[in-house]
Amino acid sequence: MKKIKNQSSVKLGVVMVHRGFNAHKMNGNRFDYVVGLDWLIKHSPVEISAVQVPLFPDHLREGKGLAKTKRLFKELRKRVRYVVPVLMLTTNPLDPKNKSEAIETLRNGLVQSGELGSEVCAATSFEAWLDGTINGLKPLKGKKLRKAIDLLVDIHVSAIHAAYQERCGVQRLDMEYLRPGEFITFTNMRIALRVIGEINRKLQCGFICRLLDDTAHAKDSGLSMKDQNKVRGICSCSDNHHIGTCHASEPTTRGALGSGGSAVVQGIRSMYRHGNPRTLMVEIFDCEGEETAPMRQYIKGYGKKTYRDINVAVVEGLILVQNTLNQLAGERNLLD
């Protein structure tokens, strides 16, 4: 197998959700995520430098759950340099009644992520996944939106400051907005950055929050490519609005990444030219898996299987992304 050299400064990685969302799932006597990563490393001509691992609150509670997570991260770090936790909130942070619980969940997630040896963490902490769609809620506007932003800022600032009082090793939180349907209100990068900017202005420590940019969510958000370019351009030269980790993911279906003319490639080109990404992760969902059943039920157009073998699809995605980045790096060198 001929290796494809990374000619860009962007690290490539994989979000391990193609193996499902249960980080503790076993495959014989080994973690399934480890089995899956070993397969990718063996079959990919592209070097994998990083992985993201979704973690729910039970994965980070003291006891057997946390001990198992520590063993998983130890095994993954034998294979790749960067292992990034993705904190999955099960509590709706937009409900004021849940404020204390949301703060504690985030605080503990940050503290334990530091104990796992991670300096960077990610979170889908704007809303509870699919909660608004399932309950028939409408997007917040006007004064209600302002209150929601204030609440999110207070939750994140309080959790981060509390974590830092415990000498938390995490230095950065990448916050991910989701497409309409998965979230209700915080469904595009523009509104997500309003929250992130206000959090960063209030933080009194060396911590920073960044936007987790995603080609699928950006395409499905309704923002035109022109508007996406503009927002990413602002991020590249702002003190409080920065882009962190980026995801290469197919709009709507979240399946195979398509070809050189796909929306994924258009998104990567925009990210590279305007947003200055540092890490780009390939993300493909198991469209027929048990854990994505709610998306098949509530998200129009989701659930179309666009691949023969999901592991092969991830490798093909890595090749597509690496070739795109190498082409962009070559174009930049010509301009220089």
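The values are calculated or read from the model by the stated rules, or taken from the named source; none is laboratory data. The shown structure was predicted, so the numbers you read here are calculated from the model rather than taken from an experiment. In this analysis, Cβ positions are derived from the backbone assuming ideal geometry, glycine residues included, and neighbour counts consider all displayed protein chains.
Here are the numbers:
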quantity	calculated
Pairs, first over 28 Å from residue 101 (Cβ atoms) in the range 37-65, second of a type in the set (Phe, Trp, Tyr), C-beta under 6 Å, six or more apart	50/82
Exclusive hit being out of contact with any helix residue (DSSP H, G or I) (no Cβ under 8 Å at 6 or more places or on another chain), among the basic types (Lys, Arg) and either surrounded by 13 or more Cβ atoms within 10 Å (Cβ to Cβ) or closer than 27 Å to residue 274 by Cα (or both), set 42, 78, 11, 3	11
Residue in the range 271-286 that is surrounded by fewer than 21 Cβ atoms within 10 Å (Cβ to Cβ), over 28 Å from residue 119 (Cα atoms) and either free of Cβ contacts under 8 Å to residues at least 60 places away in the same chain or not acidic (Asp, Glu) (or both) present	no
Per-region count, the range 201-229, residues surrounded by fewer than 21 Cβ atoms within 10 Å (Cβ to Cβ), in a helix (DSSP H, G or I) and touching a residue at least 40 places away in the same chain (Cβ under 8 Å)	3
Yes/no for residue 169 being touching a Gly at 6+ places or on another chain (Cβ under 7 Å), part of a loop (DSSP other than H, G, I, E, B) and free of Cβ contacts under 8 Å to residues at least 60 places away in the same chain	yes
Selected residue (only one of 104, 166 is surrounded by 15 or more Cβ atoms within 10 Å (Cβ to Cβ), out of contact with any His (no Cβ under 9 Å at 6 or more places or on another chain) and of a type in the set (Asp, Glu))	104
The range 46-62 - residue that is buried (at least 19 other Cβ atoms within 10 Å of the Cβ) and either of a type in the set (D, E, K, R) or part of a loop (DSSP other than H, G, I, E, B) (or both) and, of those, modelled with the highest pLDDT	48
Residues (surrounded by fewer than 22 Cβ atoms within 10 Å (Cβ to Cβ), in a loop (DSSP other than H, G, I, E, B) and not aromatic (Phe, Trp, Tyr)) located in the range 107-136	117, 119, 124, 130, 135, 136
